[in-house]
1. In this structure, does Leu585 turn out to be closer than 28 Å to Cys504 by Cβ and either in contact with a strand residue (DSSP E or B) (Cβ under 7 Å, 6 or more places away or on another chain) or among the aromatic types (Phe, Trp, Tyr) (or both)?
2. Considering segment 232-283 alone, what residues qualify as being among the hydrophobic types (A, V, I, L, M, F, W, C), at pLDDT below 55 and touching a His at 6+ places or on another chain (Cβ under 9 Å)?
3. Condition (residue is assigned to a loop (DSSP other than H, G, I, E, B), over 26 Å from Ala604 (Cβ atoms) and in contact (Cβ under 8 Å) with a residue 60 or more places away in the chain) applied to segment 444-462: is it met by at least one residue?
4. So Glu474 passes all but one of these: (1) free of Cβ contacts under 8 Å to residues at least 24 places away in the same chain; (2) touching a helix residue (DSSP H, G or I) at 6+ places or on another chain (Cβ under 8 Å). Which condition number does it fail?
5. With the structure loaded, tell me whether Ala492 is of a type in the set (A, V, I, L, M), within 28 Å of Val678 (Cα to Cα) and in contact with a Lys or Arg (Cβ under 6 Å, 6 or more places away or on another chain) or whether it fails that test.
6. Please enumerate the residues belonging to segment 100-124 that are surrounded by fewer than 21 Cβ atoms within 10 Å (Cβ to Cβ) and of a type in the set (Gly, Ala, Ser).
7. Among the numbered criteria (1) outside the structural domain of Asp222 (by TED's automatic domain parsing); (2) at pLDDT 60 or above, which one does Gln101 miss?
Amino acid sequence: MATLFSRPQRRPPLLRQAIKIRRHRVRDLQDPRPPRAQEEVSPAPSHPPPCSLAAPTPCPQLPTLLPHQAFRMDPEEHQQMLKCVQQLEKPVFCLKATVKQAKGILGKDVSGFSDPYCLLGIEQGMTVSGGSPGLRRRQKAVVRHTIPEEETHRTQVITQTLNPVWDETFILEFEDISNASFHLDMWDMDTVESVRQKLGELTDLHGLRRIFKEARKDKGQDDFLGNVVLRLQDLRCREDHWYPLEPCTDTYPDRGQCHLQFQFIHKRVGGPAGWAGGAAPGVGSSAHSHAGPPPQRATKASRSQPSYTVHLHLLQQLVSHEVTQHQAGSTSWDGLLSSQAATILFLHATQKDLSDFHRSLAQWLAYSRLYQTLEFPSSCLLFPITSIEYQWIQGRLKAEQSILAFFSVLPSCVLHPSACPPSLLSLLWTHTLTVLAEVAASQRSCLLASSRLKFALQNLEICFYAEGCGLPPEALHTATFQALQRDLELQAASSRELVNRYFCCRLQQQAATTSEELGAVTVKASYSPSEQKLRVELLSASNLLPLDSNGSSDPFVQLTLEPRHEFPELAPRETQKHKKDLHPLFDETFEFLVPAEPCQKDGACLLLTVLDHDTLGTDDLEGEAFLPLRSVPGLAGTEEPGEVPQTRLPLTYPGPDGDPILQLLESRKGDREAQAFVRLRRQRAKQASQQPGR
């Protein structure tokens, strides 16, 4: 992943020529130094993080050299501040553990699945080395026997699965990293069930063996699925990993894997018990009183401003120093920070618990503001954007606060003509739409992910428009944007909303159909507000297709109120069957007891399905007609309808299998109601495709 601190191997000649500084504007960047920014820098090298999260480049002169130069302080003042820093109390670090998911775990229940949950915590006093027999013995011990109950954390129970997804985060405190270990157990929750219930879940002989095995153990005793034991000093916290679940015995050595992510964070001193400081913009450090020395670590800047804002000001100050240094040497600045500046920013971000996303956002803001005054490669602006994009694709930006902060800062500070030229904005917009379209396609069946993507697209449109200072509407509303907007509108809709939209489309198709090549039906419909009754008179059908081998048909009509979820208690009705008649006169009346409210919703309709009765096989489809309930006399007001006119509806066929709404509903495998609706619609489409001339 390309970051702001990674130097490209070779720049094109045109870019190298383009990075020339406007010397007469450099002084505008050299704002008077913030009086408290040095306080934020000094504690960083004094108390480094507790693990392998080392700075990008070790700099022995870091505490004295760069801060003294960058903040233009007198040596005496700098030394005095360093002495004060040494008296600050030592930071308290915690382990932030995220239990994401597991795969391939054992099935302990009769059904062949499990109801997994995890117990996790920090075990103190573990001094054995990795791979030693002592460590292996500790791995066989369960959390309940090694960690006090008040220090044990528990995930939710995910029922009937072998691939559970939790995505739960826990803050775990520890005293000494050298002799502490992370311990996670996975268990199968067992509830007391009767023999009849267990036999009902039986699927194979393995399930029968599980029934006999459970009969020998205590009722309600949970089954052990596996564990993960890791020494804290061995953790590598920059990436998440899959860890194998270890057994307590030699039976079933392959127990699956657990997906975990770790991060060492700084706990804010004086905060509520068990709380660790976050890094979201707008959430500052709170100051709490302490009795006696050592003094608090919170500086005046961190008490009055969010950590993210302080980090942004610190980055701007260091960038200003870099510009000054290059100006003094009569060289052009290439937009890259020195190793010392990168180390300071890294340590400050770590101690303030700033995520990679917030660091990248700070880089984007600082460099985009600098771009208004200096001439340097616009590719420097793409580095932090690439970092944010990578973290988003990797699933690390799940908090809506982070995305909302990103969108709230961009319009006023970044998307300004002097900050980003239109060509760059257009490039970013095109690339953003491409990435969003790819992610939307991969998350097509996930309703939550699609809702977030829809929210992101709406806010991105606002950001790139920037109240008229960014891209114009014609540059924003490209064909790619419009197609993506339509797709996300569908993907973010619930299954019932999609069913409503399907019937809205069929009503539009009905209104646009004038040809009666499939035949037509004639009906009279009215609604009585006083009785809350829908009255339908099915008069006749005409010009039906001959679907039997004798050159005729045996037609009848099925009447249903759709969508079914709006009228769950109203069963379908049917007319009498007419033998060998292509112009049947039904003259039958049906009454539906239904309130007016569901009849007035979008997509509410009376579906008239004309079928050819077959004694030995499946009935053949003559066609379908849709009557919008909103147009029925009597539904618009409280007065009883007068003379009801006849309505003639041409018959139509359902569309082919390429209907996007049906495809989307079909992808939602866990929704039984959606699957039942799709099966019926597919059946009708198949019947239509088998008719002559189709």
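1. Values: closer than 28 Å to Cys504 by Cβ: no; either in contact with a strand residue (DSSP E or B) (Cβ under 7 Å, 6 or more places away or on another chain) or among the aromatic types (Phe, Trp, Tyr) (or both): yes.
Against the criterion (closer than 28 Å to Cys504 by Cβ and either in contact with a strand residue (DSSP E or B) (Cβ under 7 Å, 6 or more places away or on another chain) or among the aromatic types (Phe, Trp, Tyr) (or both)), Leu585 does not qualify.
2. Filtering segment 232-283 for residues among the hydrophobic types (A, V, I, L, M, F, W, C) gives 232, 235, 237, 242, 245, 248, 258, 260, 262, 264-265, 269, 273, 275-276, 279-280, 283.
If we keep only those that are at pLDDT below 55 too, we end up with 269, 273, 275-276, 279-280, 283.
Matches in segment 232-283: Val269, Ala276, Ala279, Ala280.
3. Narrowing segment 444-462 to residues assigned to a loop (DSSP other than H, G, I, E, B): 444-446.
Restricting the remaining residues to those that are over 26 Å from Ala604 (Cβ atoms) gives 444-446.
If we keep only those that are in contact (Cβ under 8 Å) with a residue 60 or more places away in the chain as well, we get 444-445.
Yes, there is a match, as at least one residue in segment 444-462 is assigned to a loop (DSSP other than H, G, I, E, B), over 26 Å from Ala604 (Cβ atoms) and in contact (Cβ under 8 Å) with a residue 60 or more places away in the chain.
4. (2)
5. Numbers: of a type in the set (A, V, I, L, M): yes; within 28 Å of Val678 (Cα to Cα): yes; in contact with a Lys or Arg (Cβ under 6 Å, 6 or more places away or on another chain): yes.
Yes.
6. Gly104, Gly107, Ser111, Gly112
7. (1) is the only condition that Gln101 fails.
Here's the yes/no breakdown for (1) closer than 16 Å to Arg72 by Cβ; (2) of a type in the set (Asp, Glu); (3) assigned to a helix (DSSP H, G or I):
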| site | (1), (2), (3) |
| --- | --- |
| Leu315 | no, no, yes |
| His321 | yes, no, yes |
| His326 | no, no, yes |
| Trp333 | no, no, no |
| Leu336 | no, no, no |
| Ala341 | yes, no, yes |
| His348 | no, no, yes |
| Asp353 | no, yes, no |
| Leu365 | no, no, yes |
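The values are calculated or read from the model by the stated rules, or taken from the named source; none is laboratory data. Computed from a predicted structure; not experimentally measured. We place every Cβ from the backbone using ideal geometry, glycine too, and count neighbours over all the protein chains shown.
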